[in-house]
Amino acid sequence: MPPGPLDLPANATFVSDPDEEIFLLYTRLATLKPPDSSDLGNFHGLGSENSMEDALLVRIELKPPPTTHEVANMSGESKRNTGRKIKGKKKKSSRSDITIGHEGMLEWGGKGQPEPVVLEYELFQDKTALRSRSGDTGSVLWKASIEFLSLVLHQLHFPEPTRTGLFDYAKLSQTHILELGAGTGLLALGLSSLVRRYTATDVPALVPLLRKNLLSVTPTTANTVTVAALDWTLPARRQVDVCADPPDVLLVVDCIYHPTLVPPLLGTMTALAEPRRTVALVVAELRAEDVLRGFLEEWIALGWRVWSVGEGLLGPRWGMWVGWRETWVAE
């Protein structure tokens with residue numbers, strides 16, 4: 001794997017047979033009973049978060065794992081939530097034994113136990129565009145972004161000493177992330193303070209909404225984030241200049257839902273990824289089985305090395321893969 005901020009989990013598997021990968025994912029999905037919507041216990045359901053509102057307050061609560069003592073004494077009684085709110089990564093805690101480190105990680109002074117962390121993000125949507133523009137899905141927030149951001153931030157704030165996280169956060173601070181299909185910009189809001197540079201891209205019609213959500217917030221975010229129009233059906237490098245600063249990570253979250261978009265998406269990924277440097281991280285809800293199978297087949301056929309990393313991280317209703325290339329492919 002190219003050097004960079006992404007780490008392959010110990011249970012990651014190399015995808016050589018897309019049919020087998022899809023069979024395993026959907027077999028696991030089929031074993032779930034309707035009430036058991038997630039083996040993590042926090043799945044919100046498929047689809048958009050709330051497509052009826054023009055403004056959303058997204059609240060993500062991160063709970064520390066229970067200590068050995070808590071597990072041993074856990075009862076059925078609900079416990080009082082004593083979380084503290086953090087907007088961004090700049091707010092200081094009132095506890096004297098906690099500080100916010102350089103990369104945003106909580107550092108504990110050895111006293112007491114970590115408390116839950118609550119983060120809130122304000123987003124604008126365009127519910128009218130969702131219904132009036134054909135094929136426009138990025139004008140509202142989709143739950144895949146919330147689930148993925150929750151995973152990354154939970155591993156940041158509450159790292160497990162015996163388990164490797166998805167990111168090396170020290171390396172992440174020197175990273176350029178380029179996101180395809182950024183939509184309303186939640187991932188850019190949540191991750192931009194952790195990286196050196198964040199490029200959020202989507203079709204030209206969505207750029208005004210992206211700018212509204214991303215460039216009107218804190219100066220730190222505004223200085224880190226670049227918003228760019230990127231139409232997958234057109235040559236990617238003529239729209240986004242990555243020659244001087246190639247992306248270390250291509251982030252593709254919930255962009256696989258229609259078969260006609262698979263070839264242009266993969267063409268864009270291949271054009272923007274620098275061999276032996278850029279790693280693509282793809283997250284997808286398990287919707288249409290044939291669409292995901294076709295995506296994996298074409299992805300591998302383009303010369304990418306693909307690993308499945310989703311099991312045990314996002315739950316059974318999601319697929320997550322990382323991939324990279326060894327050689328150039330002409331756009």
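The values are calculated or read from the model by the stated rules, or taken from the named source; none is laboratory data. What you are looking at is a predicted structure, and each value in this text was computed from that prediction instead of being measured. Here Cβ is always computed from backbone atoms with ideal geometry, including for glycine, and neighbour counts include all displayed protein chains.
Scanning the range 157-189 for residues that are part of a helix (DSSP H, G or I) and either buried (at least 22 other Cβ atoms within 10 Å of the Cβ) or without any contact (Cβ under 8 Å) to a residue 24 or more places away in the chain (or both) gives Leu172, Leu186, Leu187, Ala188, Leu189. Considering (1) closer than 19 Å to Val322 by Cβ; (2) in contact (Cβ under 8 Å) with a residue 40 or more places away in the chain, the lone condition that Leu230 does not fulfil carries the number (1).
Selection over the range 2-50 of residues that are under 23 Å from Leu186 (Cα atoms), modelled with pLDDT of 90 or more and either aromatic (Phe, Trp, Tyr) or outside any loop (DSSP other than H, G, I, E, B) (or both) gives a count of 1.
For (1) among the polar types (S, T, N, Q); (2) closer than 22 Å to Asp17 by Cα, each residue gets a yes or a no:
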position	(1), (2)
Arg238	no, no
Pro246	no, no
Leu251	no, no
Val262	no, yes
Thr270	yes, yes
Val279	no, yes
Ala288	no, yes
Leu292	no, yes
Glu298	no, yes
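Residues of the range 274-331 being of a type in the set (D, E, K, R), touching a Phe, Trp or Tyr at 6+ places or on another chain (Cβ under 8 Å) and assigned to a helix (DSSP H, G or I), which ones? If the condition is that a residue be of a type in the set (D, E, K, R), touching a Phe, Trp or Tyr at 6+ places or on another chain (Cβ under 8 Å) and assigned to a helix (DSSP H, G or I), then Glu289 is the only one that fits.
Restricting Val249, Val242, Val262 to those that are in contact (Cβ under 8 Å) with a residue 12 or more places away in the chain, touching a strand residue (DSSP E or B) at 6+ places or on another chain (Cβ under 6 Å) and crowded, with 17+ Cβ neighbours inside 10 Å reduces the list to Val249.
Just one of the listed residues (Ala280, Ala228, Ala273, Ala288) is over 16 Å from His176 (Cβ atoms) and of a type in the set (Gly, Ala, Ser), and it is Ala288. For the range 314-327, the condition of being among the hydroxyl-bearing types (Ser, Thr, Tyr) and under 20 Å from the mean Cα position of the chain (by Cα) holds for none of the residues.
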